[in-house]
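The values are calculated or read from the model by the stated rules, or taken from the named source; none is laboratory data. Quick caveat, the model's predicted, so the values are computed rather than measured. Cβ placement follows ideal geometry from the backbone for every residue including glycine, while neighbour counts extend to all protein chains displayed. Keep in mind that these areas ignore ligands, DNA and RNA; they rest on the heavy atoms of the full protein, side chains included. Shrake-Rupley method; radii C 1.70, N 1.55, O 1.52, S 1.80 Å.
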Amino acid sequence: MITTKKLNPVLKALARADTIEDLKDACIELRDMLQIDHVSYYCFGPGDGLYGYATYSMEWKARYAQEQYMRIDPVLIGGSSRFQPFNWGDLDWTPKAARKFRVEAAVHGVGSQGYSVPVHGPKGQFALFSVNHSCEDAEWAAFTRKHQNSFILLSHFFNQKALEVVANVDEQPTKALSPRELDAMTLLARGLSRAEVAKDLDISEHTLRVYIESARSKLNAQNTTHAVARALSRGLIVA
């Protein structure tokens, strides 16, 4: 189990967090302390979509969103129906789509081993805290056995902070989106890339970024994915 002294930098980073994006500091602190490839925390709430942070590359995050891999990701699908921590190797990777997804994830630096802790919260909220690394099976098994209790505690620390941040955000009123902001959110919800959206709307990517940031602010969302999910859930757009 990780000692309290070693966890202090992670807990301090969580204490400082005012937005979901601030969780990245805690993820990075934990990743570096454990000397592993990646740490992630993602939350899925009814109507509010996906939000959180992972130390994966921006290229992989963009690819994941563009290809809508949420629909086939065995870790996400497996975690949503589980209540106990699990190793990624115990999941079903036999479907063709899952095998292809795993190969592409590896190309983008996602390690061969993974361990996730599902957290089921109020009003259907579901979160997944994960650690990920490239190593042999025996080494990973020893690592997860050694730290599993710490990972369970950390999953709840991350989740509690996320719930606090989102609760504070939800208290703020939502402003109406402009027609252009609605157009941008609609096209993003349909899976178009930013370049494709800009071309479709006949505007520059810089102007599109202004619309997206304005919509994100009005929706009290933590990132673009969160903004699109909120716009959909509130009936502002139809994908």
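Quick notes on this structure:
- Some residue of the stretch 114-136 being open to solvent by 20 Å² or more (accessible area, probe 1.4 Å) and over 21 Å from the mean Cα position of the chain (by Cα): yes
- Check on GLY111, in a loop (DSSP other than H, G, I, E, B), buried (at least 16 other Cβ atoms within 10 Å of the Cβ) and of a type outside the set (Ser, Thr, Tyr): yes
- When ALA105, ALA141 are screened for being over 21 Å from TYR51 (Cα atoms) and assigned to a helix (DSSP H, G or I), only ALA141 passes.
- Pairs with Cβ under 9 Å, 6+ apart, first in the stretch 164-179 and outside any loop (DSSP other than H, G, I, E, B), second open to solvent by less than 70 Å² (accessible area, probe 1.4 Å) and at pLDDT below 65: VAL166/GLY45; VAL166/ASP48; ASP170/ASP48
- Scanning the stretch 196-221 for residues that are exposed (fewer than 15 other Cβ atoms within 10 Å of the Cβ), on the phi < 0 side of the Ramachandran plot and either in contact (Cβ under 8 Å) with a residue 60 or more places away in the chain or in a loop (DSSP other than H, G, I, E, B) (or both) yields a count of 1.
- Residues (under 23 Å from PHE44 (Cβ atoms) and hydroxyl-bearing (Ser, Thr, Tyr)) located in the stretch 194-236: SER217, THR224, THR225, SER233
- The residues of the stretch 1-44 that are open to solvent by less than 20 Å² (accessible area, probe 1.4 Å) and free of Cβ contacts under 8 Å to residues at least 60 places away in the same chain, listed by number, are ALA13, CYS27.
- Test: residue in the stretch 69-79 that is in contact (Cβ under 8 Å) with a residue 60 or more places away in the chain and of a type outside the set (S, T, N, Q): no
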